[in-house]
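Just below is one structure, and these are the notes that go with it.
What follows draws every value from the coordinates through simple rules; no lab data is involved. Because the structure is predicted, anything quoted here is derived from the model rather than measured. Note that each Cβ is placed from the backbone with ideal geometry, even for glycine, and that neighbours are counted across all protein chains shown.
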Amino acid sequence: MIRISTIDIVRTSLGGTGKLLPVAILITCAFAAFWLFPYDLGFLTQMLIMMVFVVSFDLILGYAGVATLGHAAMYGCGAYAAGLFAIHASPDPLLGLAVGAVIGALIAFFSGLLLMRAHGLSLLMLSIAITMVLQEIASKARDVTGGADGLTGISMTPILGVFEFDFIGKTAFWYAFSVLFIILVVLRVLVASPFGLALRGIKDSPSRMRAIGTPVYWRKVTAYVIGGTIAGIAGALSAQITSLVSVEAFNFALSADVMVMLILGGAGRLYGALIGTLVFMTVRHVAASIDPFNWLFVIGFMLLAVVFFLPDGLISLPRRVAGMIGARK
Amino acid sequence: MTSGLRIRNLSKNFGGLQVARNITLDIPTGARAALIGPNGAGKTTFANLIIGALQPSSGSIHLDGKDISQLGEAARVRAGIAKTFQITNLFKDLSVRDNIRLPILEREHRTFRFLERHDGDAAIEAEVEELLADFRLLPLANRLVRSLAYGQQRLVELALTLSLKPRILILDEPAAGVPSSDSHLIVDAIKRLPTYLSVLIIEHDMKLVFEVASRIIVLVNGAVLVEGTPEEISRDLRVRELYLGAGHG
Ligand SMILES: Nc1ncnc2c1ncn2[C@@H]1O[C@H](COP(=O)(O)OP(=O)(O)OP(=O)(O)O)[C@@H](O)[C@H]1O
Ligand SMILES: [Mg+2]
């Protein structure tokens, strides 16, 4: 059993041009979605933001193998930071993203110093606890954050002074897509670097990492900070595009959903995060409009099926099918 | 003489069980020593005390005159001590090549680099390929380690440990589980090791021990029973009794 992703197989069969294949697919999908669903741009943009968020968690869970249930901490802080920055300092979107990124990084750094010493259940509990504390602070600091009513009054100037946010959400869609695209490129470079290889080693066998002379702690903290930076950017995007930040940005359910989306799509391969988010949010969107009370059944059964039959996630489905057909011959 | 490993009165208890008793031993630079003893004698525990995977209850370990007893496992590896695992402990979801490449990158302090490719350094790649070739692993280089047969994994285990370029090398039953058709790869690799390197080999296979070791230490119940050259050990009555049993005498 040789585990190579489908993308890798296609890539080797295409030679050098194959490197650009995922990029081409991604851009094609974006244009297709844009033209096919002009009335759902708001939903599609939400999906793109969530993809940024989930892919940031892939670095932490999928590559470094650190399972937390508090990834919303950095998302929420990034959202509040960008919202407050827009209201009080500058309504420039890109500056706001940078602020969200820095705050995400800082929260990840200081919480990571503690979290990355913990393992297993205590790590899960601590990460939940930190997010709860942050949520409580956001809802108590009413004067600053608007408390339970949420932070409102965010309005953004045009991106780069040119692209104005429009009512239909075209600009927001391409804005979110561009951010996702750039982050994917950065993460692809990162996971192919020596640092990326070290993260996979940590996930695989922390004990062997120590036996090759590597204290894993600072590498895990670094990965957590990079993941937190991107999560902060996702939060900032959400604040800028929806013009609203609510304390729900820290919800436990959000952290859990992110994990579900990642496992569904396939952890540790970046594109799996995109597929998982696409499927999860589409199913929720469609199923919830058909039966608002029972849509979780669909997600639940899908997750069961994936965990039992496709442990590498939906992204491994084509290869699995190909393998079965090959075996039948 | 301060060069090499100097172990003094090393003891370790697991609760009430004493698995290392006052072990005092020198492994000078360039030594080819073997540690033998019955199952459960405490050989692996002793090795784990030296590499820092376990902390001793008492006693001291010096490397080239420096006290390393307080150093953690990673720091001792960087000081030059490395060990193969009796039960293979590899990066199972990485390819064979990455299993060799990663320790070299770590050894060269490269893994805090984010923007270059992990396979981008020509010198490191050449070293990886050479090690793979030494252990006949080239045909398997792109396979995930979890898909290899156990004997092949043992070869990766040894290649990985050697890639750290240690000065003190501890081999915990390196040939166990390796098919006899391949065990010469292990013996050859040990014989090829540079002379500045000290080797402590833990092994049940006496043929292998006599082939590579110039000193043998016999451990029983956590204590050193006897230490000497292979000739002395093979003549020693207590050892003969231990290994041949009363009935064979
Ligand atoms: N972590 C531990 N906690 C408690 N007891 C342990 C632990 N590790 C080992 N022991 C015990 O210590 C004793 C020595 O074990 P060790 O693995 O060092 O023996 P060994 O000489 O390597 O044996 P083998 O030849 O089977 O590999 C055994 O009785 C074992 O059960
Ligand atoms: Mg043992």
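From Cα pairs below 8 angstrom and at least 6 apart in sequence, can you work out the relative contact order of the stretch B:89-163, rounded to a whole percent? Spell out each step's value before the answer.
Values: 60 pairs, mean separation 39.5, N = 75.
Averaging sequence separation for qualifying contacts and normalising by length gives 53 percent for the stretch B:89-163.
Before anything else, pin down the relative contact order of chain A: Cα pairs under 8 Å, at least 6 apart, normalised by residue count, whole percent.
Working: 489 pairs, mean separation 99.1, N = 329.
With pairs under 8 Å counted, the relative contact order is 30 percent.
Based only on the alpha carbon positions, what is the Kirkwood hydrodynamic radius of the stretch A:77-188, in angstrom? Present the calculation step by step, with values, prior to reporting the outcome.
Numbers: mean 1/r = 0.0622 Å⁻¹.
Evaluated over the stretch A:77-188, this radius sits at 16.1 Å.
Among B:LEU208, A:PRO91, A:TRP218, whose Cα sits farthest toward the positive end of the charge dipole of the protein assembly as shown (+1 at Cβ of Lys/Arg, -1 at Cβ of Asp/Glu, about the Cα centre)?
So the residue furthest toward the plus end is B:LEU208.
Give me the orientation-averaged projected area of the Cα convex hull of the stretch B:166-249, in nm², one decimal.
Result: a mean projected hull area of 6.6 nm².
With springs connecting C-alpha atoms under 10 Å apart, model chain A as a Gaussian network and identify which of A:GLY76, A:GLY232, A:GLY313 has the largest mean-square fluctuation.
A:GLY313
Report the full-extension gain for the segment B:ILE87 to B:GLU211: residue separation times 0.36 nm, less the Cα-Cα distance, to one decimal in nm.
42.3 nm
Around B:GLN152, with a cut-off of 15 angstrom between Cβ atoms, what is the net charge of the other residues, counting Lys and Arg +1 and Asp and Glu -1?
In short, +3.
State the dimensionless ratio Rg/Rh of the stretch A:123-234 (Rg: radius of gyration of Cα atoms; Rh: Kirkwood radius).
Rg/Rh: 1.10.
Mind jotting down the distance between the C-alpha centroids of the stretch A:181-246 and the stretch B:177-240, whole Å?
With the stretch B:177-240 and the stretch A:181-246 each reduced to a Cα centre, they are spaced 45 Å.
Kirkwood hydrodynamic radius, computed over distinct alpha-carbon pairs, for chain B: how many Å, to one decimal? List each step's numbers first, then the result.
Working: mean 1/r = 0.0526 Å⁻¹.
With all distinct Cα pairs of chain B included, I get 19.0 Å.
Assign unit charges at the C-beta atoms only (+1 for Lys and Arg, -1 for Asp and Glu), then state the dipole size of the stretch A:2-328 relative to its Cα centre in Debye, rounded to the nearest 20.
The calculation lands at about 1380 debye.
Could you give me the ³J(HN,Hα) list for the stretch B:182-190, computed from phi with Karplus coefficients 6.51, -1.76, 1.60 and θ = phi - 60°, whole Hz, x at Gly and Pro?
9, 5, 5, 4, 5, 4, 4, 4, 5
Go through B:HIS184, B:ASN22, B:ALA126 and say which Cα lies farthest out towards the positive end of the charge dipole of chain B; charges sit on Cβ, +1 for Lys and Arg, -1 for Asp and Glu.
Towards the positive end, the residue furthest out is B:ASN22.
Using the count of nearby Cβ atoms within 10 Å as a rough guide to exposure, how do A:TRP35, A:TRP218, A:TRP295 rank from fewest to most?
If I rank by nearby Cβ atoms, fewest first, I get A:TRP35, A:TRP218, A:TRP295.
Starting from the coordinates of the alpha-carbon atoms of the stretch B:1-126, obtain the Kirkwood hydrodynamic radius over all distinct pairs and give the value in Å to one decimal.
16.8 Å
Whole-Hz ³J(HN,Hα) for each residue in the stretch B:47-52, computed from phi via Karplus 6.51 cos²θ - 1.76 cosθ + 1.60 with θ = phi - 60°, x for glycine and proline: what do you get?
Going residue by residue, I get 4, 5, 5, 5, 7, x Hz, with x marking Gly and Pro.
Rank A:LEU199, A:PHE165, A:LEU180 by how far each Cα sits towards the positive end of the charge dipole of the stretch A:2-328 (+1 on Lys, Arg Cβ; -1 on Asp, Glu Cβ) and give me just the farthest.
Among A:LEU199, A:PHE165, A:LEU180, the one farthest towards the positive end of the dipole of the stretch A:2-328 is A:LEU199.
Treat every Asp and Glu Cβ in the protein assembly as shown as -1 and every Lys and Arg Cβ as +1, leave all other atoms uncharged, and give the resulting dipole magnitude about the Cα centre to the nearest 20 debye.
With only Lys, Arg, Asp and Glu charged at Cβ, the dipole is about 980 debye.
Give me the dipole magnitude in Debye, nearest 20, for the stretch B:89-163 about the Cα centre, with unit charges on the beta carbon: positive for Lys and Arg, negative for Asp and Glu.
340 debye
What net charge is computed for the residues neighbouring B:GLY52, neighbours being all others with C-beta under 12 Å from the C-beta of B:GLY52, Lys and Arg scored +1, Asp and Glu -1?
My count for the surroundings of B:GLY52 gives +3.
Could you work out the mean count of beta carbons from other protein chains within 10 Å of each residue's beta carbon in B:104-113?
Averaged over the peptide's residues, the number is 5.
Give me the log10 of I(q) over I(0) for chain A at q = 0.07, 0.12 Å⁻¹, as the Debye formula computes it from C-alpha points; what are the numbers?
Cα-only, vacuum Debye calculation for chain A: -0.28, -0.86.
Can you give the local net charge around A:PHE280? Use residues other than it whose beta-carbon is closer than 15 angstrom to its beta-carbon, Lys and Arg +1, Asp and Glu -1.
Summing Lys/Arg as +1 and Asp/Glu as -1 gives -1.
Mind checking which of A:ALA267, A:ALA288, A:ALA239 has the largest fluctuation in a GNM of chain A, springs on alpha carbons under 10 Å?
A:ALA288
Based on the alpha-carbon set only, what is the convex hull volume of the stretch B:89-163 divided per residue, in Å³?
About 86 Å³ per residue, rounded to a whole number.
With N residues in the protein assembly as shown, what two-decimal value do you get for its Cα radius of gyration over 2.2 N^0.38 Å? Present the calculation step by step, with values, prior to reporting the outcome.
Numbers: Rg = 28.5 Å, N = 578, 2.2 N^0.38 = 24.7 Å.
Relative to the 2.2 N^0.38 Å estimate, the protein assembly as shown comes out at 1.16.
For the cross-link pairs B:LYS12/B:LYS165; A:LYS203/B:LYS12; B:LYS43/B:LYS83; B:LYS43/B:LYS92; B:LYS43/B:LYS66, which exceed 21 Å when the distance is taken from alpha carbon to alpha carbon?
Long pairs (Cα-Cα over 21 Å): B:LYS12/B:LYS165; A:LYS203/B:LYS12; B:LYS43/B:LYS92; B:LYS43/B:LYS66.
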